[in-house]
Amino acid sequence: MRSEFKMGIAALLGVAAFTVQAQAGGFSRGEADTDILFEDGTVNARAGAVFVSPERKFDTIRGAKSTDGTFSDSYWIPSVAAKVQISSALGCAFTYTQPFGASSDYGAAAQLADQISGAADGSVNYYTKKHFITNEYGGTCAVNFQVGPGKLYLIGGGFVQDFDYTAESYYGTLHLEDSAAAGYRLGVGYDIPEYAMRAQLMYRSQVKQEADGDFTPGALAALLGSSPVSAYGTGTLPQTLKLSLQSGIAPGWLAYGSVKWTDWSVLQTLNYNITGLGDQQDDYFWKDGWTIQAGVAHKFNDRVAGTVNVTWDKGVGNGADIMTDTWTLAVGAQIKLGPGDLRIGAGVSYLTSGSQSYSKGASFDATAGGDWAYAVAGSYQIKF
């Protein structure tokens, strides 16, 4: 039985680690590929990307049927990881990804509703387009010790995360940027490769972004002038804690799953100040998020392994926007191709219905029905 489990373990572990989520909770996007620390090889390098196309739209706006199309923009999530096994007990990896981001482009009906609300309460911070992205550059090392039939891994490292935010409105364009904010990750893992068994607990710290920028007046040029004025903003992006488990269950078969907590309640508001306009904020009032995934992987032959998984992501919205539960079904494959391994995958997510209201911090009242999001992914790895 042991020899049968050994056959194709690398392929099964690889394809199980390759998950595709078409729509993550909150502003979550990519995760650093620290799984490469567990893989064989003195030098490993892997690079890939996920393309996500969410189809979120309003069904009604201020009680009337919406004529707007989709307001959620498509996006890419890049991922790069390179590991060097310095000794049998120590390996270190460089990783790059985009952990958080969002992009929305609101239609005419939503813009009008925003303007009506702004005129009623005297606010000038409503926007037609919003976009932000973060980039994470990290270094993580793992020390392993032989403990019983497997190895105990102690994992730790740091990362630098930037932040770039742009919001366009009739009144002008706000741009905020933080070039570098530091964070860290800590983890522990236990691995028995002979049976494809692995348990891992990984913590990623929160990051406080302090961004400088400017506001380029549009309709407010008569008040502020036509030249950009200075702006400043602060906000905190959440800490996470993730437990991952996997095990061989029969020759050529592997079951896996994970539970992830994301501290989205730390993001109540994004606060900023525009010279001449004073303090303002974007309201979120989010709740903590939970993501639960379960899947199975199978080795078909010496060249191909495949996986299928289901993910539930708890909605974090509290009425200031529509951030509802999502359910994702994803499939993937790992194929030996040329000198390395090709991973490909696809996923489809169902975004459950929800609503937002002005009384809870939204710019206007609106509802959304059940919507869909789609994703495709690919990566290639070489080891030696």
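Quick check, is S226 small (G, A, S) and either in a strand (DSSP E or B) or in contact (Cβ under 8 Å) with a residue 60 or more places away in the chain (or both)? Taking the combined requirement at face value, the residue does not satisfy it. Looking only at residues of segment 273-304 that are among the β-branched types (V, I, T) and exposed (fewer than 15 other Cβ atoms within 10 Å of the Cβ), we find that the one that is farthest from W253 (Cα to Cα) is T275. For segment 151-178, the set of residues classified as without any contact (Cβ under 8 Å) to a residue 40 or more places away in the chain and under 25 Å from T128 (Cα atoms) consists of D162, D164, T166, E177, D178, listed by residue number.
When segment 278-328 is filtered for residues that are of a type in the set (A, V, I, L, M) and within 18 Å of Y350 (Cα to Cα), the ones remaining, listed by number, are I292, A294, V308, V310, V316, I322, M323.
Scanning segment 255-269 for residues that are part of a strand (DSSP E or B) and either modelled with pLDDT under 95 or over 16 Å from the mean Cα position of the chain (by Cα) (or both) gives A255, Y256, G257, T269.
When Y272 is tested against (1) under 30 Å from Y127 (Cα atoms); (2) within 20 Å of the chain's Cα centre (by Cα); (3) of a type outside the set (A, V, I, L, M), exactly one condition is not met: (2).
Screening the candidates A182, A167 for the property of being part of a strand (DSSP E or B) and more than 19 Å from S103 (Cα to Cα) yields one hit, A182. Taken as a whole, the structure places G118 among residues that are more than 25 Å from the chain's Cα centre (by Cα), buried (at least 16 other Cβ atoms within 10 Å of the Cβ) and of a type in the set (G, A, S).
Scanning for something surrounded by 18 or more Cβ atoms within 10 Å (Cβ to Cβ), touching a Ser or Thr at 6+ places or on another chain (Cβ under 9 Å), closer than 23 Å to W290 by Cβ and of a type outside the set (D, E, K, R), does segment 162-180 turn up at least one residue? Checked segment 162-180: no residue is surrounded by 18 or more Cβ atoms within 10 Å (Cβ to Cβ), touching a Ser or Thr at 6+ places or on another chain (Cβ under 9 Å), closer than 23 Å to W290 by Cβ and of a type outside the set (D, E, K, R). Taken over segment 305-321, the criterion of being crowded, with 21+ Cβ neighbours inside 10 Å, under 28 Å from S357 (Cβ atoms) and in contact with a helix residue (DSSP H, G or I) (Cβ under 8 Å, 6 or more places away or on another chain) is satisfied by V316, A320. Of all residues in segment 47-93, those that are assigned to a loop (DSSP other than H, G, I, E, B) and of a type in the set (A, V, I, L, M) total 1.
Condition test on A250, is it aliphatic (A, V, I, L, M), farther than 23 Å from R185 by Cβ, surrounded by fewer than 20 Cβ atoms within 10 Å (Cβ to Cβ) and in contact (Cβ under 8 Å) with a residue 40 or more places away in the chain? Criteria not met by A250. Each residue in segment 366-384 was checked for being within 30 Å of A109 (Cα to Cα) and buried (at least 18 other Cβ atoms within 10 Å of the Cβ), and 5 pass.
Given the criteria in contact with a Gly (Cβ under 9 Å, 6 or more places away or on another chain) and surrounded by fewer than 21 Cβ atoms within 10 Å (Cβ to Cβ), does G63 qualify? No; evaluated as a whole, the condition is false for this residue. For segment 12-43, taking the residues that are surrounded by fewer than 22 Cβ atoms within 10 Å (Cβ to Cβ) and hydroxyl-bearing (S, T, Y), the one that is modelled with the highest pLDDT is identified as T42. Checking each residue in segment 128-151 for being outside any strand (DSSP E or B) and within 17 Å of the chain's Cα centre (by Cα) picks out T134, N135.
The values are calculated or read from the model by the stated rules, or taken from the named source; none is laboratory data. This is a predicted model, so every value here is computed, not measured. For neighbour counting, all protein chains shown are included, and Cβ atoms are generated from backbone atoms with ideal geometry for every residue, glycine included.
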